[in-house]
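Everything below concerns the one structure shown next.
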Amino acid sequence: MLTPHRLQKILLVVLALASACRTHTAHKPVGAAAPGVQGDGTVIVAVDWFSGGLEAAIALAQRENKRVYLDVGAYWCPPCHRMEEEVYTDKSVAQFLEQGFIALHVDIEKEDGQATAERYQVQVYPTVLVLDASGVEMGRLVDFTPANVLKRGVEQIAAGQNLLAALQADVARNPDDLEKSYQLASAYALSANKAAAEQQMQSILQADPDNGRGYAERVLYDHAFFITAKLDRDLERAIREMQTLQTRFPGTDKAARAYRMMGRFHAELGRPDEAAACLRKLVALDPNNVDWYANFGWFSFRHRVAPNEALEVLKTGLAKFPDNAELHYLAGELNRALGRSAMAADALERAAALEPKTTYYRRRARELRVAAITP
């Protein structure tokens, strides 16, 4: 028998599903709605994303004498959400890409996204790569990039202006500029040029042996992560390098963050207990640092390690920082992972109320509410 209560639940499901089905924005704009963040939190992008895979995008670029604009991100990545909401809703960005590129977005958690990320040695998200018509990388931009900066950078790469060469020239002109030297080392590492990256890192260590300028700790951290773990795939040695960083420069920011990275390596090596122990040490460093609570939450969410313990850590963090939207969001995702859809939706709705401009929280809350009330 269809009771009023049952009918209400069905209507809620239908309405929620209708809303949720509009939340995927990795393709061309739909309907007559103008690009941008809609009143219900839905994002309508202006960019007309190519709907096929990478090889099909390369083939089309060859036929149309264009290049490939490849955006590599992840559904859980906050800077990726900003790109979607602030950059890919910009009509000028869409027009710019349409003129000379086949624009392709891949999510590393979906379909062949991980294979694409590995093919181009993508190590941070989001990463934008400009490929020639044969699929060879011409250059890349990483992290959130405002629309005007993005267009200028992509245009320079596509025009053959070698950004790496520009950095090399800057360092040659002023070898004492450690910031430029560090940027150059990072560029080498991100492009998987191990020998050049290590040589540049060594020069920085020689210039800042005691970490007086804050570069030695960054170089040791980056070498362990980008070179030893990512390129060499030697996670045991990467753990030892992180421990060396902590021994040489205790109390520094990178020494603290090394705990999360060591936890990640332990998790990938199939050692969840050791992984969780590293995150406990991170939180214990400063119980009043909200970032460390979030780090535990993100780590558990991403690596599926100790979700119940992570929820307790987040509970402690929320007692200190009740208005932190990120902690509520992570509690929601961990509750979802444990099958608690209603609790997950409550947490996401709280996050959305605290940060109304972050529309991803609203969209995710609707999805979880659907799961909570679906029979």
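All of the numbers you see were taken from the coordinates with simple rules; none came from a lab. Treat the numbers as computed from the prediction; the structure is a model and nothing was measured. Positions of Cβ are generated from backbone atoms using ideal geometry, with glycine treated the same way; all protein chains shown enter the neighbour counts.
Just a few scattered comments:
- Overall form of the stretch 159-275 per C-alpha gyration tensor (a/c, 1.5; a/b vs b/c): oblate
- DSSP beta bridges confined to the chain are antiparallel in about 65 percent of cases.
- Cα-based shape type of the stretch 163-373, given that a ≥ b ≥ c are square roots of the gyration tensor eigenvalues and the cut on a/c is 1.5: prolate
- Environment charge of ALA224, counting only residues whose C-beta is closer than 9 Å and scoring Lys/Arg +1, Asp/Glu -1: 0
- The stretch between ARG280 and GLU179 holds 33.1 nm of extra length on full extension. This uses 0.36 nm per residue minus the Cα-Cα distance.
- The three principal axes of the C-alpha atoms in the stretch 230-343 carry coordinate ranges of 43, 28, 21 Å, sorted with the longest axis first.
- Across ASP286, ASP143, ASP71, mean-square fluctuation computed from a Gaussian network of the chain (C-alpha pairs under 10 Å connected) peaks at ASP286.
- Approximate spin-label separation THR244-ASP291, in nm, with each point projected 7 Å along Cα-to-Cβ: 2.4
- Here the relative contact order of the chain, from alpha carbon pairs under 8 Å that lie six or more residues apart, stands at 12 percent.
- Label-point gap, in nm, between ALA353 and ALA337 - each point 7 angstrom along Cα→Cβ: 2.5
- Per-residue [θ]222 nm for the chain (sum of -39500 (n - 2.57) over DSSP H runs n ≥ 4, rounded to 500): -18500 deg cm²/dmol
- Applying 0.36 nm per residue to the separation of ASP132 and TYR75 and subtracting their alpha-carbon distance, the gain on full extension is 17.9 nm.
- Cα centroids of the stretch 244-277 and the stretch 350-366: 31 Å apart.
- In the set (1) 18.7; (2) 20.3; (3) 21.3, the label that goes with mean projected area of the Cα convex hull in nm² computed for this structure is (3).
- Relative contact order, whole percent, for the stretch 64-215 stands at 21, derived from Cα pairs under 8 Å and 6 or more residues apart.
- Measuring between alpha carbons in the structure, the pairs from LYS66/LYS357; LYS254/LYS357; LYS194/LYS315 lying more than 32 angstrom apart are LYS66/LYS357; LYS194/LYS315.
- Once the C-beta distance of ASP323 and ASP273 is scaled by a Förster radius of 35 Å, the resulting FRET efficiency is 0.60 to the nearest 0.05.
- Take every Cα pair under 8 Å whose residues are at least 6 apart in sequence, average their separation, divide by the length of the stretch 163-373, and the relative contact order is 9 percent.
- Under the shape rule built on the C-alpha gyration tensor, where the axes satisfy a ≥ b ≥ c, the stretch 196-246 is oblate, since a/c reaches at least 1.5 while a/b does not exceed b/c.
- Filtered chymotrypsin sites (Phe, Trp or Tyr not before Pro), the stretch 215-277: DSSP coil and at most 12 other beta carbons within 10 Å: none
- Taking amide H atoms as placed 1.01 Å from N in the peptide plane, the amide H of ALA103 lies under 5 Å from those of PHE50, TYR69, each 5 or more residues away in sequence or on another chain.
- Stretch gain in nm, segment ARG233-LYS91, where the contour uses 0.36 nm per residue and the Cα spacing is subtracted: 47.0 nm
- Under the simplified labelling scheme, the VAL149-ASP48 pair shows an inter-label distance of 2.9 nm, with each label point 7 Å from Cα along Cα→Cβ.
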